[in-house]
Amino acid sequence: MLGHPGGEEHSSYLIELSFLPPPARWLDMGAGDGSTVRLLQSLGYEAEGIDLNPRGDDVTAGDYLQPHYPEGSFDGILSQCSFYVSGNVPKALRQAGWLLRKGGKLVFSDVTEDVVQLLDQVRQAGFAVRHLEDLTEAWKEYYLEALWTQDNVCLPRGKKVTYIGFPVLLLGLSRMYGRPLPICRALVSGDACPKGVMDALERELGSKLYPHYGSRECGLGEAVTCPAFEGMHLRENHIIPEIVDEGGRVLPEGEYGELVITTIGMEAMPLIRYRTGDFTRILPPCPCGGVTRRIDTVSRREGEISMERLDSALFSLEILVDYRAAFDGTLHIDARTVDGQGRERLTQAANDCCPGRTVMVRVSSAEPDDRPMYLGKRYVQ
Ligand SMILES: [Zn+2]
C-alpha cells in the first residue's frame, strides 16, 4: 500500500505533467519508502528523497521544512500527500520554491480543506499555477482501503469519518478491523438493534448508543432516547401514538400492544391510525423531566424463531462477524467468524436461545471481500 492515492501510475502522471526531460534533478519531499525516487531514477532522472521517517535506503532522513540543500538545487520537486501532513503548507511551499532553480517545476498532490486558500498559498510562495485537478474520487477510493491497512491516514480538519448503516454490519466491521475503528460518529439504522448487538457495539465502539425508532412510512424518526437511557421519547408534535390490542382496541398506558400512528402535518402521505406492526408500550413520565411520552423497546412479531433473539444471543460472542439463519424444522446457521473457529460456542448459544430445536452450525472465516449475508432487514429464511 502506498502512502498516496493512485500509486505508481499517479506518480508517473505527476512527472509527465512537469514536462521536465531527463536527466533533470528531482527532490521528492516526504519520500516515504522511496518508491517515487526509484521511479524517477528508472526514467533517467537524477533523484533523491527526504523524509522525517524514511522507510527505504533511497531516502535521506530529514525535515524538508529545514532542508540542508543549497538554494536552487533542483529542477523539479515532487510531493504526494505530504505538505498537508507537515502541518505547515505555506512553509513547505516556500521551501520548495527556495530549493528549485529559476524556472523549476513543483508537482504535488495533497489533501486540502480549502482549495482557494491553497492556491493563494502556492502563488504567495512564488509559483504560477499551470495545472490543477480535483482527485477527490481517487482519494476516496484510496482512503477506504487505507482505513484498513494503515494506522495514520490524514483527513482534512473538520471532516469526520461517519458510519450510516445497519447495526450488525458495523459490529462485523469493527470485529474484522481488530482495533478501534477510526470513526467519530455512527447512525445505526435500517434494522432492529437487539440488546445483545447494542451491548456488543457499545463495547466495540467505547461509546453509548442512543436508540431511536423510526419508519419509512412516517417519513421521520418517531422516537429517540434521551440521556436518561430509559425508553424513547415520542415526537408528539408530529405524531399521535396509540397502543392497541389485536382487535384494534386502544390499551391503557403501560400495556404492551401494537403501536398505531397518526401523522400530523404530513401532506404527501398522511397516515391515520396506521398499524406499524411494531410492538411496545407507553412508559410513565421520564426521569429526565421531558414532557413528551416515551415508548419502551420496540419488537416485531416474528415466526417460530426470532431473528432478534438469535442476533442478541449469537452476537454476544465476540468472534462472530456475520451469519445467516434458515429454519426448515432444523435451525441452520451459516456463520462467519474472525478466525473461522467457534462452531461449538455458536451451537451452544443457538441451542440456549432456541431450546428443543435441532441446530446445525457451519462456520467459515470472514474475509474483507465478503458481501454482507443480508442486504436488507435480517430474518430467519
Ligand atoms: Zn427522558
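Nothing in this text is a laboratory measurement; each read-out follows from the coordinates by a stated rule. Please read these numbers as outputs of a predicted model, since none were measured by experiment. Ideal geometry is used to build each Cβ from the backbone, glycine not excepted, and the neighbour counts take in all protein chains shown.
Using +1 at the Cβ of each Lys and Arg and -1 at the Cβ of each Asp and Glu in the chain, identify which of Leu27, His233, Ala61 lies farthest towards the dipole's positive end.
His233
Kindly express, to the nearest 10 degrees and within the range 0 to 90, the angle between helix 167-177's C-alpha long axis and the longest C-alpha principal axis of the chain.
40
Provide, for the chain, the number of lysine pairs with alpha carbons under 26 Å apart, each pair being eight or more places apart or on different chains.
10
Restricting the count to DSSP beta bridges whose residues both fall in the chain, what percent are antiparallel, rounded to a multiple of 5?
Percent antiparallel among DSSP bridges in the chain is about 50.
Treating the beta-carbon of each Lys and Arg as +1 and of each Asp and Glu as -1, no other charges, what is the dipole magnitude of the chain about its Cα centre, to the nearest 20 debye?
It works out to roughly 560 debye.
Provide, in order from the shortest bin, the percent of all Cα-Cα pairs of the chain in each 10 Å bin, continuing until the bin that contains the maximum pair distance.
4, 18, 20, 16, 15, 13, 9, 3, 0
As I understand it, the value is the acute angle between the Cα axis of helix 115-124 and the longest principal axis of the Cα atoms of the chain; what does it come to in degrees, rounded to 10?
That works out to roughly 20 degrees.
Once you have the Cα-Cα distance between Thr136 and Cys184, take 0.36 nm times their residue separation minus that, and quote the gain in nm to one decimal.
Numbers: separation 48, 0.36 × 48 = 17.28 nm, distance 2.07 nm.
Between Thr136 and Cys184, full extension yields an extra 15.2 nm.
I'm checking a number: the convex hull volume of the Cα atoms of segment 34-136, normalised per residue, in Å³. What is it?
In segment 34-136, the Cα hull volume divided by residue count equals 113 Å³.
To test your reading of the geometry: what angle, between 0 and 90 degrees and rounded to tens, separates the Cα axis of helix 136-149 from the longest principal axis of the chain?
The angle comes out near 70 degrees.
Which residues among segment 353-379 fall inside the zone where the amide N is under 20 Å from a point 7 Å beyond the Cα of Arg216, along Cα→Cβ?
Counting only backbone N, you get 372-379.
Extending each Cα 7 Å along its Cβ direction at Glu113 and Val291, get the distance between those two points in nm, one decimal.
A separation of 3.9 nm, rounded to one decimal place.
How many nm separate the modelled label positions at Glu246 and Leu17, each set 7 Å beyond the Cα in the direction of the Cβ?
Computed distance between label sites Glu246 and Leu17 equals 6.9 nm.
If you take the beta carbon distance between Arg101 and Asn53 as r and set R0 to 45 Å, what does 1/(1 + (r/R0)^6) give as a FRET efficiency, to the nearest 0.05?
On the way: r = 28 Å, r/R0 = 0.62.
The computed FRET efficiency comes out at 0.95.
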